[in-house]
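*Asks:* Okay, here's the structure, questions in a sec.
What follows is calculated from the coordinates using simple rules that are stated; it is not laboratory data. Please read these numbers as outputs of a predicted model, since none were measured by experiment. Because the Cβ atoms are built from the backbone with ideal geometry, glycine has one as well, and the counts that use them run over all protein chains shown.
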Amino acid sequence: MEGKPSLLHGDSMKKRDSSISALILGMVLLVLFVIPAAAESTSAAPQLPHAFIGMVEVEGLSAPDGLIVEAVGPGIRSNTQGNPVTTLTGGVYGRIGMAEQKLLVQGDIESGTPIEFYVGGVKAEVFPVATNGSWLEAYPYLPGEVTELNLRITSQPAAGQTREPTPVQTRIPSGQVPAIPGYSGPDLPQPEVIATYQPTQTQAGEGTGPDVSSQPGTQEEESSGTSIQDSQGAGTPSSVVPAVGSSSNLFIGAAIVAFLVIIGAVAYYMSRKKPEDEEKEE
């Protein structure tokens, strides 16, 4: 009779130890796989589509039915629903309305990326109706927008003619998106400027503060013609803007630390509780 309680006590201790091990293993797997996968899917989420509607002209006349209209650019997905589309009656390739056909530009695209349009395999000029500006070679990608954009080509596409395939182009970084000459539509989002400290040689009697300049190719420098330091005053270093995604990385790091703290707390609590239970059983 005296052996049974000790045997039952040993079985309960083994079950509790296995439960603790399973809990710790589950938390470790969560930290190693689930959180990084969720962060990766969030950072790689595609932008909202940019919808286009309008008409197509071929040699000054409305395009015939059935011409293929395609949007092309870095990061743009093609051969998907909404890209390409075909011209409808009256040369229309897209109409306003929930159930109407539209040319949808979507994919892993940076805001402001130039979009080129092809009609029957021939590169088209584009005319933004809202601004009533000039004909352009391309139009910028604006996620979530619906734009009325007329297209024109100056030659008849040959029967069965298709656009020449272009190399696969990945997303353009925000600081390297080229401007579109003559564009006068909605303001484009400004790329994030990442400032870096660069050592400079100073003479006796001058300040020794570090020289701060932004990366080349940013739209802020091109539009204003001055560097970050010039805009804030001589000798006053500008603040360093964190790179994109630093906040998400900080969140992931904090989550990992929190889970590790929980695991340590559970292990410490159970290690303290085990001797107390043994003393009570004795």
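*Asks:* Looking at region 50-172 from every direction and averaging, what is the projected area of its Cα convex hull in nm²?
*Replies:* Averaged projected area of region 50-172's Cα convex hull equals 7.2 nm².
*Asks:* Subtract the Cα-Cα distance of Asp108 and Thr162 from 0.36 nm times their separation in residues, and report this length gain in nm to one decimal.
*Replies:* Extra length available between Asp108 and Thr162 comes to 17.0 nm.
*Asks:* Counting alpha carbon pairs within less than 8 Å and at least 6 residues apart, what relative contact order, in whole percent, applies to region 50-172?
*Replies:* 33 percent
*Asks:* Given 0.36 nm per residue, what is the gain on full extension from Ala255 to Ser78 after removing their alpha carbon distance, in nm?
*Replies:* That pair, Ala255 and Ser78, stretches by 60.0 nm at full extension.
*Asks:* If we count other beta carbons within 10 Å of each Cβ, what is the order of Met98, Met270, Met55, fewest first?
*Replies:* Taking fewest neighbouring Cβ atoms as first place, the list is Met98, Met270, Met55.
*Asks:* What is the local net charge at Thr170, summed over the other residues whose Cβ is closer than 14 Å to its Cβ (Lys, Arg +1; Asp, Glu -1)?
*Replies:* Value of the local net charge: 0.
*Asks:* Next up: Stretched out fully, how many nm does the piece from Gln101 to Ile262 gain, at 0.36 nm a residue minus the Cα gap?
*Replies:* Gain on extension, Gln101 to Ile262, equals 52.7 nm.
*Asks:* Using a simple spin-label model with points 7 Å from Cα along the Cα→Cβ vector, what separation in nm is obtained for Leu48 and Val129?
*Replies:* Those two pseudo-labels are separated by 2.1 nm.
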